[in-house]
Amino acid sequence: MGLVASIARGMGARVARTSDTTLDALNWADSGWSSPTAAGVMVGQASAMQVSTVFACVSMISYDIAKLGAAIFRGQRMGKRQKATDHYLSSLLKEPAPWLTWFEFCGMMQASVLLRGNGYAVILRDARGKPVMLVPVNPDRVALWEAPDGSLFYMVTRSGLHEMAVLRNEPLLIAAEDIFHLKALTLNGLLGLSPISMNREAIGLAIAQEQLASRWAGNSAKPSGILTTDQKLSPDAAKRLHEDWKTLNSGLYNAGKTAILEQGLKWQALAMTSSDMEFIASRQFQLTEIARVYRVPLHKLGEMTRTTGNSITQLAQEYLNDCLSTWLEMWERRLAYTFGIDEDQDELFVEFNVDRILRADITSRYAANRVALGGTGWMTINEIRSGEGQQKVEGGDVVFRPLNTIPADQKEEDPLISRSEPGSDQTGQQAEGGGRPPNKVIAKT
């Protein structure tokens with residue numbers, strides 16, 4: 001600590017100390033980057049991502065949140081609003097850094113949170129102090145430091161020439177206001193809990209089971225049958241037969257080859273034992289166990305044995321409600337906090353567009369659009385066309401209101417109902433022979 005403390009004094013900062021709480025011990029364990037398990041394997045970012053279930057959960061959630069896209073709006077969250085394109089955060093939500101798109105930046109930050117419970121990005125500012133760049137950093141190279149007066153600093157260990165060049169003007173200990181810090185579930189308010197460290201035994205067991213199955217496949221450690229003979233074999237003959245059989249049958253690429261038996265040898269196949277079946281069931285359970293950690297529905301991982309007859313729209317809604325919504329709330333609140341966005345005072349807010357997740361099949365969408373346009377009159381033609389990715393049309397900014405949804409105690413001749421004078425050819429004209437007028441009128445927005 002002496003060298004870092006000296007550097008901190010040289011920068012005019014107070015001497016900081018690393019946090020030595022129980023939370024850190026749980027997060028970083030003995031080695032600092034990986035955690036030992038009872039199964040005898042180490043669990044870190046790289047080893048955890050080698051488990052197919054962990055990789056599927058992390059990549060799926062990260063990609064889904066990244067592809068939704070975030071934007072800053074001016075107005076009311078549930079009312080009239082428009083994108084605040086003049087706000088500096090609007091450009092950062094499109095291109096956080098010259099070499100990163102929002103999709104790549106958001107995906108990396110979310111993956112960091114899902115693995116380590118924390119996502120870090122250094123905020124670079126111009127001469128006036130306005131944020132102009134967000135530089136994401138791997139959480140394994142960031143340490144939180146606490147000053148005696150309660151101030152927080154982040155020590156970012158640079159890695160690679162590019163990162164060192166980009167952060168060359170930043171101090172070793174970066175103040176908290178210059179760090180965009182996403183936190184998962186936290187017990188001290190400073191650091192998020194690392195999912196892979198908190199669940200290292202479940203992940204470690206999945207790693208051990210996969211390695212064991214791989215060794216069986218590579219070395220034929222589990223025989224599918226035995227060779228028997230009534231003759232007495234000499235040591236040399238037994239050794240030769242053993243080597244011949246191993247050459248013909250050991251390993252994945254030798255599977256299915258024809259063996260020539262001699263000296264009365266007979267092949268006896270072995271049936272799958274109960275322990276074999278338990279091993280397969282255990283591997284299946286680890287998939288469920290890890291999916292439970294990330295709250296990912298099993299059908300998203302290709303496990304359909306327990307899937308009910310729900311429609312794809314219902315399943316997507318459950319995935320959004322039970323999994324993605326928590327992370328989206330984390331993003332929106334942290335963006336607003338870090339960049340000083342006050343929804344109540346300034347009528348500014350950041351929001352992700354979840355329409356891509358909830359987008360139903362074409363038949364359901366068209367039926368809903370028909371109700372929104374003519375049945376309830378809460379959407380215009382252009383609003384519907386915009387939601388379907390179509391260009392606006394002239395005259396499409398009108399609202400249709402059904403006339404047959406008036407209060408029961410209100411007479412048809414009430415002046416509140418728009419109707420043209422008899423003899424006109426406008427909408428609402430009384431039809432000849434006592435017929436009723438059309439059941440919709442048009443009102444401009």
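Is the range 16-31 home to any residue that is outside any loop (DSSP other than H, G, I, E, B), among the basic types (K, R) and at pLDDT below 90?
Scanning the range 16-31 turns up at least one residue that is outside any loop (DSSP other than H, G, I, E, B), among the basic types (K, R) and at pLDDT below 90.
In the range 357-380, is there at least one residue being under 23 Å from R81 (Cβ atoms), in contact with a Lys or Arg (Cβ under 8 Å, 6 or more places away or on another chain), outside the structural domain of L92 (by TED's automatic domain parsing) and modelled with pLDDT of 75 or more?
no
Out of all the residues in the range 146-162, is one or more closer than 23 Å to G117 by Cβ, in a strand (DSSP E or B), without any contact (Cβ under 8 Å) to a residue 40 or more places away in the chain and of a type outside the set (V, I, T)?
Yes, the range 146-162 contains at least one residue that is closer than 23 Å to G117 by Cβ, in a strand (DSSP E or B), without any contact (Cβ under 8 Å) to a residue 40 or more places away in the chain and of a type outside the set (V, I, T).
Sort through I174, I123 and tell me the only one that's within 25 Å of the chain's Cα centre (by Cα), over 24 Å from I61 (Cα atoms) and at pLDDT 95 or above.
The match here is I123.
Applying the selection to the range 37-80, what residues are within 16 Å of E332 (Cα to Cα), in a loop (DSSP other than H, G, I, E, B) and under 23 Å from the mean Cα position of the chain (by Cα)?
G69
For the range 189-303, which helices (runs of 4 or more DSSP H) that fit wholly inside it have 2 or more residues that are at pLDDT 75 or above and farther than 26 Å from M330 by Cβ? Outline the logic, then answer.
Details: elements: 195-198, 200-219, 235-249, 274-294.
Where helices (runs of 4 or more DSSP H) fall fully within the range 189-303 and carry at least 2 residues being at pLDDT 75 or above and farther than 26 Å from M330 by Cβ, they are 200-219, 235-249, 274-294.
Given the residues E351, E347, E329, which is the only one that is under 24 Å from K80 (Cα atoms), in contact with a helix residue (DSSP H, G or I) (Cβ under 7 Å, 6 or more places away or on another chain) and modelled with pLDDT of 80 or more? Walk me through it before giving the result.
Working: E347 fails: in contact with a helix residue (DSSP H, G or I) (Cβ under 7 Å, 6 or more places away or on another chain); E329 fails: in contact with a helix residue (DSSP H, G or I) (Cβ under 7 Å, 6 or more places away or on another chain).
From the options E351, E347, E329, the qualifying one is E351.
Considering only residues that are in a loop (DSSP other than H, G, I, E, B) and of a type in the set (A, V, I, L, M), which ones fall in the range 81-112? Walk me through it before giving the result.
Looking only at the range 81-112, we keep the residues that are in a loop (DSSP other than H, G, I, E, B), and these are 84-87, 93-96, 98-99, 101.
Once the filter is applied, which keeps residues that are in a loop (DSSP other than H, G, I, E, B) and of a type in the set (A, V, I, L, M), the range 81-112 yields A84, L93.
The values are calculated or read from the model by the stated rules, or taken from the named source; none is laboratory data. Note that the coordinates shown come from a computational prediction; the quantities given were computed from them, not determined experimentally. Positions of Cβ are backbone-derived with ideal geometry, glycine not excepted, and every protein chain shown enters the neighbour counts.
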